[in-house]
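**Student:** Mind looking over this structure? Questions follow.
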Amino acid sequence: MSVAVISLHGMMSVAVVGRRYARCMARWKPDGRGRLEQAALELFGERGFEKVTVAEIAARAGLTERTFFRHYADKREVLFGGGPMLQELLVNAVTDAPDGTAPIDTVAGALDAVAALLGARRDFALKRHAVIAANAELRERELIKLALIAASLAEALRARGVKEPAASLTAEAGIAVFRVAFERWVAPKNRQTLARLIRSSLDELKAVTAGA
């Protein structure tokens, strides 16, 4: 299947999941949750994740600790609270892909859909990435999150009739493509969109496997 067709599937996935995502994005506007998120990222960047307390985040946001805990279980959730939403978006995009789409192209379309939505939050992604990269515990949690997403993608592919080990291999490959593209996207000198980087990374993967 051509890249153009993959992109079309990605656009279709965006249309399908966009309405769901729009409702969730309301929680990220500059309300209490948004102010806490902004304050936390500022403090994490200034002093490091370990040295920042919930009380300090709440104070910087001009809110109370009680308000913080209405939105987040702990300060780590400022960084990881969107994980279930990301997982849901990917799984829904796989589920909603047109019948007959090849497994890898189904995952590519799901990644395109998420890339289009994450693109609107690049500033948050950059700051979040910097905080996680500087903390071994957070890096480990990020890997666990990605592993859970891969498992969910594999399950969604199996539900579409993809057999094992193809389902798991395709899901893991998709997450690997996402990780590589994301690292390139948050690089200081990058000027390409996440969607373009995902497609180019996928093309490189296909070229490698075709030549094996």
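Just so you know, all these numbers are worked out from the coordinates, no wet-lab data involved. No experiment lies behind these values; they were computed from the predicted model shown.
**Student:** Want the number for residue 123 to residue 166: 0.36 nm per residue separation, take away the alpha-carbon distance, what's left?
**Tutor:** Details: separation 43, 0.36 × 43 = 15.48 nm, distance 3.55 nm.
Result: 11.9 nm gained on full extension.
**Student:** How much of the calculated P(r) for the range 108-193 lies past 16 Å, in percent of all Cα pairs?
**Tutor:** 59
**Student:** What's the long-distance tail for the range 3-210, i.e. % of Cα pairs beyond 22 Å? All intermediate terms of the calculation are to be shown ahead of the outcome.
**Tutor:** Working: 11072 of 21528 pairs.
Cα-Cα pairs of the range 3-210 separated by over 22 Å account for 51 percent.
**Student:** If contacts are Cα pairs under 8 angstrom and at least 6 residues apart, what is the relative contact order of the range 3-210 in percent? Could the numbers behind the result be given before it?
**Tutor:** Working: 195 pairs, mean separation 48.7, N = 208.
Worked out over the range 3-210, it gives 23 percent.
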